[in-house]
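Have a look at the structure below, then the notes.
The values are calculated or read from the model by the stated rules, or taken from the named source; none is laboratory data. None of these values were measured; they are calculated from a predicted model. Positions of Cβ are generated from backbone atoms using ideal geometry, with glycine treated the same way; all protein chains shown enter the neighbour counts.
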Amino acid sequence: MSTILVVDDEPDFEALIRQRFRRRIRDGDLAFLFARDGAEALETVERRPDIDLVLADINMPRMDGLTLLGRLQEAGDPLATVVVSAYGDMGNIRAAMNRGAFDFLTKPIDFADLEATIAKTLRHAAALRDARAAATEVQRQREALLQAERMAGFGSLLAGVAHELNNPLSILLAGALLLQEEAEEAEVPALARGAERIRTAAERCARIVRSFLAMARQQEALRRPVAVASLVDGALELLAYGLRSDGIEVERDVPAGLPVVLGDADQLHQVLANLVTNARQALERHPGPRRVRIAARAAGGAVEVSVADNGPGVPAAVRGRIFDPFFTTKPVGAGTGIGLAVSRGIAEAHGGSLELAEAGERNGGGARFVLRLPQAGAAGAVAGGPDPPLNGGAPGGPRAALIVDDEPEIASALAWMLVPLGFRCDVAATGAEARRLLSSRDYDAILCDLRMPDTNGQALFGWLEAHRAHLCRRTAFVTGDALGQTADFLAGSGRPVLEKPFVPEEVRRVVAALAAADGPGDR
């Protein structure tokens, strides 16, 4: 059905239209709306977005047809308009055509001409609507492609940064664990608590680094049921001092009984912490009062978490670029432009979204971001699930492990974690040294770094396949990243992977996988 708005101050004209088109109205082919002047017509257009065509007289009280035409043409998607004027009023008709009218009719109306003009204009309106929709879709796809290209380059950068952080983080984690263990054995509780705080912070850093790598690999996030309230409280607890010292009042509106969401708790904590940090920074130069409001609500099959502030807001000119990598509205040195890009990437990896929304009067006109996440359900529980059980455990007697890594601190950390599992460890700093050791004896477990200066892990594995094939199934790889050709090799080898930075539980899991794959009869 096509909807036509007729704008004319003559009451008889409405009756004529209804009489002439009664069959098409009855058949549901056409629907007519009527207005007495331009002002009433604009109100109708505002109220009825389904209008396809406007048929407007030029000479009317309050607002004439030419003024109405100009106002309609100011819209982003102007309506097709046919103007009606007295015969011989060519000056106004010409002015109407110059202002964007599609066609014109003269009074007295020739209804056969009117029907033909309506049919032609509706075809034009439909074609124009389809063309605009196609152009919008092309633009959307172009922007999506550009964003994908940006995120691909951004992911490579993140992967490089993550790789450089992984080795020192592994050393820091191992050192903190060793310090905590020794402090507990020496009964120095204060030192043990300090070491535990270092370990906890290092583990959080490690999880963030892994989230960067997961984005770079474009992998799905590890999704498990997470309570939204705990995510919000964790972000606020982390940033409490900065908010308090800046005099920012925090309003928390998270009702009890919200459905849990599917997500990686550390990654989602990172998103909320980034949004609250952005809000705090936006309020730094705001005279006050300063407010940040975090609200959550169930919406369909999802939960929406909004972070809003009453600061200056996001200028309209940059709203379309706010999620672009490296774009920032902050002063030089105050922002990197990667926080929102990373946050949106994490949200989309969770099957959700992150959008800049209208702030609303309640938030004082500042910025408002909405994080939308799917609720946890029966189907979602399969996506994450608990970690598989650790099989094997510590061996019954002394066993031999070979650690191949050119970083002495990493090798020492691995050896320290393997000893409690019943292993005696040899260490090789190069691939050549590893080949010498492997040529003369067997090992129950081989933990080999992938990146080494002389013979890398892939080349060493190839040597094992050719010369000591039975040791291949006892080999696991240690890596700080797994992208590109490295990822292809790891997938093809079928061997367990220990990702840096690692903790004892992960080392034990990898050793258990090696023991399960090898079996007692293979030794």
Check: How many residues, within segment 91-128, are of a type in the set (Lys, Arg) and in contact (Cβ under 8 Å) with a residue 24 or more places away in the chain?
Finding: 1
Margin query: Residues to consider are Gly462, Gly422, Gly480, Gly431; find the one that is in the same structural domain as Ala513 (by TED's automatic domain parsing) and at positive phi.
Written below: Gly422
Check: Quick one: would you say Ala190 is at pLDDT 90 or above, out of contact with any strand residue (DSSP E or B) (no Cβ under 6 Å at 6 or more places or on another chain), more than 30 Å from Leu258 (Cβ to Cβ) and not assigned by TED's automatic domain parsing to the domain that holds Ser343?
Finding: yes
Notebook entry, point to check: Could we say that Arg441 is basic (Lys, Arg) and out of contact with any strand residue (DSSP E or B) (no Cβ under 9 Å at 6 or more places or on another chain) here?
Noted result: no
Notebook entry, point to check: When you look at Ala229, is it more than 21 Å from Gly263 (Cα to Cα) and either of a type outside the set (Gly, Ala, Ser) or at pLDDT 90 or above (or both), yes or no?
Noted result: no
Note to self: On the basis of being within 51 Å of the chain's Cα centre (by Cα), under 18 Å from Leu114 (Cα atoms) and surrounded by 12 or more Cβ atoms within 10 Å (Cβ to Cβ), does Leu42 make the cut?
What the structure shows: no
Check: Can you pull out the residues in segment 438-454 that are crowded, with 17+ Cβ neighbours inside 10 Å and farther than 14 Å from Glu407 by Cα?
Finding: Leu438, Tyr443, Asp444, Ala445, Ile446
Check: Pick from segment 404-413 the residues that are of a type outside the set (Val, Ile, Thr) and not in a helix (DSSP H, G or I): which of them is farthest from Glu433 (Cα to Cα)?
Finding: Glu407
Next item on the list: Consider Gly385 carefully, then state whether it is surrounded by 13 or more Cβ atoms within 10 Å (Cβ to Cβ) and at pLDDT below 90.
Entry: no
Next item on the list: Given the conditions (1) over 24 Å from Ala298 (Cα atoms); (2) of a type outside the set (D, E, K, R); (3) surrounded by 22 or more Cβ atoms within 10 Å (Cβ to Cβ); (4) at pLDDT below 90, report the number of the one that Tyr241 does not fulfil.
Entry: (3)
Margin query: With the structure loaded, tell me whether Gly366 is modelled with pLDDT of 80 or more and under 18 Å from Leu239 (Cβ atoms) or whether it fails that test.
Written below: yes
Margin query: Can you find, within segment 57-100, the residue that is nearest to Ala41 (Cα to Cα) among those that are part of a loop (DSSP other than H, G, I, E, B) and among the small types (Gly, Ala, Ser)?
Written below: Ala75
Checklist line | strands (runs of 3 or more DSSP E) within segment 233-319 that include 1 or more residues without any contact (Cβ under 8 Å) to a residue 60 or more places away in the chain and aliphatic (A, V, I, L, M) | finding: 248-253, 290-299
Checklist line | Unique residue being modelled with pLDDT of 90 or more, surrounded by 17 or more Cβ atoms within 10 Å (Cβ to Cβ), within 17 Å of Ile118 (Cβ to Cβ) and over 44 Å from the mean Cα position of the chain (by Cα) when the list is Phe34, Phe13 | finding: Phe34
Item checked: Yes/no for Phe461 being within 28 Å of Leu177 (Cβ to Cβ), buried (at least 18 other Cβ atoms within 10 Å of the Cβ) and of a type in the set (Phe, Trp, Tyr) -> no
